[in-house]
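To keep things clear, I will list the structure first and then write my remarks on it.
Since every read-out is calculated from the coordinates, none of them should be taken as a lab result. Remember, predicted model here, so these are calculated numbers, not experimental data. Cβ atoms come from the backbone with ideal geometry, glycine included; neighbour counts cover every protein chain shown.
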Ligand SMILES: Nc1ncnc2c1ncn2[C@@H]1O[C@H](COP(=O)(O)OP(=O)(O)O)[C@@H](O)[C@H]1O
Ligand SMILES: [Mg+2]
């Protein structure tokens with residue numbers, strides 16, 4: 001029987017005085033679709049917010065899955081306009097969620113157009129960073145759910161991010177995909193953002209009973225021991241159901257294995273981030 005973990009209520013880290021410099025932007029990225037990016041962004045953001053951290057979730061995927069996972073319908077295209085036209089992203093463009101301290105910038109389908117239109121705008125890789133900059137003082141963590149590509153939208157997320165979080169599904173070719181992603185991260189570091197850090201790798205849809213899951217997990221842990229989260233996210237029907245109810249897993253079914261896994265992961269995440277009292 002797995003021990004239940006209840007949400008921790010860690011006090012905010014003692015500040016250096018500048019709230020904007022305390023904010024950490026995390027891009028949840030993997031160019032492969034269906035690996036658990038959105039599920040991780042949606043649920044990790046919720047778990048971090050219930051641990052007392054003012055948190056913003058930015059849905060940068062035109063498919064809007066993170067937006068609908070919070071039961072929010074896509075409305076005006078503030079994110080598109082701030083990226084392509086350079087309009088300011090304001091607090092009115094952020095919506096509250098049922099999780100206290102968690103806000104979301106919804107996605108809209110016109111972000112598909114942004115992928116192409118960004119190619120022609122000046123500072124095309126810096127647009128998301130510029131849009132989020134004024135809001136950093138209001139949040140401790142900003143999670144960016146990326147589309148399943150290494151397009152300009154994703155490059156904008158990498159440019160805006162302090163660190164990246166990579167969900168990996170334990171399957172054949174997962175490690176080849178990771179190698180390609182790490183090359184892109186290196187390119188971004190060399191060209192536009194030397195400070196971009198690899199924050200961590202989380203195994204998703206993990207099934208400890210299968211050799212393949214165990215093998216992928218062991219390979220990753222032996223190559224990148226410090227990067228891989230101890231908490232692996234199991235395959236869980238409740239996790240797959242929660243979005244259709246418009247709720248994160250900790251609101252939908254806190255006792256499920258999926259909720260407990262994301263709470264454990266959030267605890268590790270906060271410990272790595274240097275937030276005291278969360279281990
Ligand atoms: N741990 C899990 N257990 C069961 N289903 C999951 C799990 N993680 C993700 N899924 C499901 O798999 C599909 C793809 O996940 P998603 O998070 O949308 O991936 P991505 O954002 O990388 O495309 C979704 O239908 C989601 O509900
Ligand atoms: Mg997604």
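For the range 40-66, enumerate the residues that are surrounded by fewer than 23 Cβ atoms within 10 Å (Cβ to Cβ) and out of contact with any strand residue (DSSP E or B) (no Cβ under 9 Å at 6 or more places or on another chain).
Across the range 40-66, the qualifying residues are 52, 62, 63, 64.
Taking helices (runs of 4 or more DSSP H) that do not extend beyond the range 18-103, which have at least 3 residues that are within 11 Å of ligand 1 (Cβ to nearest atom) and at negative phi?
37-50, 65-69
Test each condition in (1) buried (at least 24 other Cβ atoms within 10 Å of the Cβ); (2) within 24 Å of residue 271 (Cα to Cα); (3) touching a helix residue (DSSP H, G or I) at 6+ places or on another chain (Cβ under 8 Å) for residue 128 and report the one that comes out false.
(2)
Could you check how many residues of the range 196-216 are surrounded by fewer than 20 Cβ atoms within 10 Å (Cβ to Cβ) and assigned to a helix (DSSP H, G or I)?
Residues that pass the stated criteria total 4.
For the range 59-72, which residues satisfy the criterion of being within 16 Å of ligand 2 (Cβ to nearest atom) and more than 19 Å from residue 151 (Cα to Cα)?
Answer for the range 59-72, where residues must be within 16 Å of ligand 2 (Cβ to nearest atom) and more than 19 Å from residue 151 (Cα to Cα): 67, 68, 69, 70, 72.
Of everything in the range 217-244, what is assigned to a helix (DSSP H, G or I), over 17 Å from residue 37 (Cβ atoms) and either away from ligand 1 (no atom under 14 Å from the Cβ) or more than 20 Å from the chain's Cα centre (by Cα) (or both)? Give them in sequence order.
Within the range 217-244, 217, 218, 219, 221, 222, 223, 237 meet the criteria.
Restricting attention to the range 90-108, and to residues there that are out of contact with any strand residue (DSSP E or B) (no Cβ under 7 Å at 6 or more places or on another chain) and surrounded by 12 or more Cβ atoms within 10 Å (Cβ to Cβ), which single residue is nearest to residue 130 (Cα to Cα)?
By that ranking, first place goes to 90.
Please state which of the following conditions residue 179 fails to meet, knowing it meets all the rest: (1) more than 16 Å from ligand 2 (Cβ to nearest atom); (2) farther than 16 Å from residue 56 by Cα; (3) in contact (Cβ under 8 Å) with a residue 24 or more places away in the chain.
Tallying (1) more than 16 Å from ligand 2 (Cβ to nearest atom); (2) farther than 16 Å from residue 56 by Cα; (3) in contact (Cβ under 8 Å) with a residue 24 or more places away in the chain, residue 179 fails exactly one: (3).
Each row is one residue, and each column tells you yes or no for (1) more than 15 Å from residue 144 (Cβ to Cβ); (2) touching a helix residue (DSSP H, G or I) at 6+ places or on another chain (Cβ under 8 Å); (3) away from ligand 2 (no atom under 16 Å from the Cβ).
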position	(1), (2), (3)
46	yes, yes, no
52	yes, no, yes
57	no, yes, no
74	yes, yes, no
83	no, yes, yes
